[in-house]
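Asker: Just dropping this structure here.
The values are calculated or read from the model by the stated rules, or taken from the named source; none is laboratory data. Small disclaimer: the values here were computed from a predicted structure and weren't measured. Heads up, the Cβs are rebuilt from the backbone with ideal geometry, glycines too, and the neighbour counts pull from every protein chain shown. Side chains included, ligands, DNA and RNA excluded: accessible areas come from the protein's heavy atoms. Shrake-Rupley method; radii C 1.70, N 1.55, O 1.52, S 1.80 Å.
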Amino acid sequence: MRENKEKIISEIASHYRDILRLIGEDPGREGLLKTPERAAKALFSVTEGYTQSACDIASKAIFEHDGSGMVIVKDIEFYSMCEHHILPFFGKICVGYLPKGKILGLSKLARIVDVYAKRLQVQERLTAQICREISEIIPNEGVIVACEGSHLCMKMRGVEKQDSMTVTFESSGKFNENPELRKEFMSVCGIK
């Protein structure tokens, strides 16, 4: 955990009070009295990925495996914050890999997603970081990650396109070499 958690939260809350004043609100009114502290705690929580190591999390759950079939965990929900507007984006991630003598505990794939989602992000980098991390953590013949996200920076401001969805992919190894493997992964994940 970050050092001096309470001090950091207090400092962030102070800035939120200033922001409330700048937008024309009264941080002393009843409904807003505790808002700066709540907002500071929320921001601290949704950015806790900066204090976590995906490698440390995964190292506790790597197991021997003789098989060579694809492993897929789909519909891993995530919540992140756009680094350009500090507004939420969220969706689902599908992760697949071809084991090479070892497998990773299934929950660790979801935890790796959280480590990178809980940072200020862009979806493209989030997808690439997850793919790279899994590729480095366990021996494999290839890794593939698909991410579908809804971005509030596109829905509630700017172009205001309510039904927009962003899809990003990243892959390595045999998934780059074999279109049939990619197609199989996409089919299982429900991506056309």
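Asker: Name the residues in region 58-73 that are open to solvent by 40 Å² or more (accessible area, probe 1.4 Å), within 23 Å of Ser171 (Cβ to Cβ) and in contact (Cβ under 8 Å) with a residue 40 or more places away in the chain, would you? It would help to see each step written out before you state the result.
Answerer: At the first step, the residues of region 58-73 found to be open to solvent by 40 Å² or more (accessible area, probe 1.4 Å) are 59-60, 62-66, 68-70, 72.
Those still in the list that are within 23 Å of Ser171 (Cβ to Cβ) too: 62, 65, 68-70, 72.
Ile62, Ser68, Met70, Ile72, listed by residue number.
Asker: For region 74-113, which residues satisfy the criterion of being outside any strand (DSSP E or B) and either open to solvent by less than 20 Å² (accessible area, probe 1.4 Å) or over 20 Å from Ser164 (Cα atoms) (or both)?
Answerer: If the condition is that a residue be outside any strand (DSSP E or B) and either open to solvent by less than 20 Å² (accessible area, probe 1.4 Å) or over 20 Å from Ser164 (Cα atoms) (or both), then Lys100, Gly101, Gly105, Leu106, Ser107, Lys108, Leu109, Ala110, Arg111, Ile112, Val113 are the ones that fit.
Asker: Next up: Sort out which residues of region 16-41 are open to solvent by 50 Å² or more (accessible area, probe 1.4 Å) and either of a type in the set (S, T, N, Q) or part of a helix (DSSP H, G or I) (or both), and write them in order of number.
Answerer: Answer for region 16-41, where residues must be open to solvent by 50 Å² or more (accessible area, probe 1.4 Å) and either of a type in the set (S, T, N, Q) or part of a helix (DSSP H, G or I) (or both): Tyr16, Arg17, Asp18, Ile19, Arg21, Leu22, Glu30, Glu37, Arg38, Lys41.
Asker: Okay, next question. Of the conditions (1) over 22 Å from Met186 (Cα atoms); (2) assigned to a loop (DSSP other than H, G, I, E, B); (3) of a type in the set (D, E, K, R), Asp163 satisfies every one except a single condition; which number is it?
Answerer: So the condition that Asp163 fails would be (1).
Asker: Report every pair of residues separated by at least 6 positions or lying on different chains whose Cβ atoms are under 7 Å apart, first residue within region 145-160 and under 20 Å from Leu126 (Cα atoms) and in a helix (DSSP H, G or I), second at pLDDT 90 or above and open to solvent by 20 Å² or more (accessible area, probe 1.4 Å).
Answerer: Filtered contacts from region 145-160: Leu152/Leu87; Leu152/Pro88; Cys153/His84; Cys153/His85; Cys153/Leu87.
Asker: Still on this structure, please answer the following. Residues in region 129-143 that are farther than 15 Å from Phe175 by Cα and small (Gly, Ala, Ser): how many?
Answerer: The number of residues fulfilling the criteria is 0.
Asker: To continue, here is another question. So which residues in region 137-161 are of a type outside the set (Val, Ile, Thr), over 18 Å from Ala117 (Cβ atoms) and open to solvent by less than 10 Å² (accessible area, probe 1.4 Å), if there are any at all?
Answerer: Of everything in region 137-161, just one residue is of a type outside the set (Val, Ile, Thr), over 18 Å from Ala117 (Cβ atoms) and open to solvent by less than 10 Å² (accessible area, probe 1.4 Å), namely Gly142.
Asker: Yes or no: Leu126 within 28 Å of Lys155 (Cβ to Cβ) and buried (at least 21 other Cβ atoms within 10 Å of the Cβ)?
Answerer: For Leu126, the condition - within 28 Å of Lys155 (Cβ to Cβ) and buried (at least 21 other Cβ atoms within 10 Å of the Cβ) - is met.
Asker: Looking at (1) open to solvent by less than 40 Å² (accessible area, probe 1.4 Å); (2) within 30 Å of Ser187 (Cα to Cα); (3) small (Gly, Ala, Ser), which is the one condition that is false for Ala13?
Answerer: (2)
Asker: Can we say Ser45 is in a helix (DSSP H, G or I), closer than 26 Å to Pro27 by Cβ and open to solvent by 30 Å² or more (accessible area, probe 1.4 Å)? Before the answer, list the steps.
Answerer: On the way: in a helix (DSSP H, G or I): yes; closer than 26 Å to Pro27 by Cβ: yes; open to solvent by 30 Å² or more (accessible area, probe 1.4 Å): yes.
For Ser45, the condition - in a helix (DSSP H, G or I), closer than 26 Å to Pro27 by Cβ and open to solvent by 30 Å² or more (accessible area, probe 1.4 Å) - is met.
Asker: Name the residue that is farthest from Phe78 (Cα to Cα), counting only residues in region 122-144 that are assigned to a strand (DSSP E or B) and touching a helix residue (DSSP H, G or I) at 6+ places or on another chain (Cβ under 7 Å). It would help to see each step written out before you state the result.
Answerer: If we filter region 122-144 for residues that are assigned to a strand (DSSP E or B), which is where we start, we get 140-144.
With touching a helix residue (DSSP H, G or I) at 6+ places or on another chain (Cβ under 7 Å) added as a condition, the list becomes 141-144.
Values: Glu141: 26, Gly142: 23, Val143: 19, Ile144: 17 Å.
Selected residue: Glu141.
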